[in-house]
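> Quick one: this structure, given as structure tokens, is what I'll be asking you about.
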Amino acid sequence: MEAFDFKSPVHNGDIVRIYGRVAQIGTTSCTVDVWCHDARTHATVFSTSVIMVHVSSEGVKAPLPH
């Protein structure tokens, strides 16, 4: 995760919905786009992109399981 792109504030008591989708699948990693909306106004609160790398029990990159 490099950065969060905050678009609007969230206040105490607000309800938010967090969504995610797999944007890309590689050999050892996948990229997941994540975004958050205010449940009442539908305003975007933040968005980010996360790269997740699969590692073996030995701590080295390993192919993603299918």
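Where a number appears in this text, it was derived from the coordinates with a stated rule and is not lab data. Given the structure is predicted, the values throughout are model-derived calculations rather than measurements. With ideal geometry, Cβ positions are generated from the backbone for all residues, glycine too; neighbour counts draw on all protein chains shown.
> Which longest uninterrupted range of the chain lacks any trypsin sites (Lys or Arg not before Pro) assigned by DSSP to a loop state (not H, G, I, E or B) and surrounded by at most 15 other Cβ atoms within 10 Å? Please list the in-between numbers first.
Numbers: sites that count: 7, 40.
Longest site-free region, per DSSP loop and neighbour criteria: 8-39.
> Now, a different point. At most 13 other Cβ atoms within 10 Å and a DSSP loop assignment: could you name the chymotrypsin sites (Phe, Trp or Tyr not before Pro) in the chain that fit? Walk me through the numbers on the way to the answer.
Values: sites: 4, 6, 19, 35, 46; in loops: 4.
The qualifying sites are 4.
> Moving on. Collect residues whose amide H, placed 1.01 Å from N in the peptide plane, falls under 5 Å from the amide H of residue 23; neighbours closer than 5 in sequence don't count.
When sequence neighbours closer than 5 places are left aside, the close amide H contacts are 31, 32, 33.
> Evaluate the distance, in nm, between pseudo-label points positioned 7 Å from the Cα of residue 54 and of residue 11 along their respective Cα→Cβ axes.
Roughly 4.5 nm, to one decimal.
> Write down, largest first, the equivalent ellipsoid semi-axes of the range 5-53 in whole Å, where each equals the square root of 5 times an eigenvalue of the alpha-carbon gyration tensor. Walk me through the intermediate numbers first.
Values: eigenvalues 141, 16, 12 Å².
For the range 5-53, the ellipsoid semi-axes come out as 27, 9, 8 Å.
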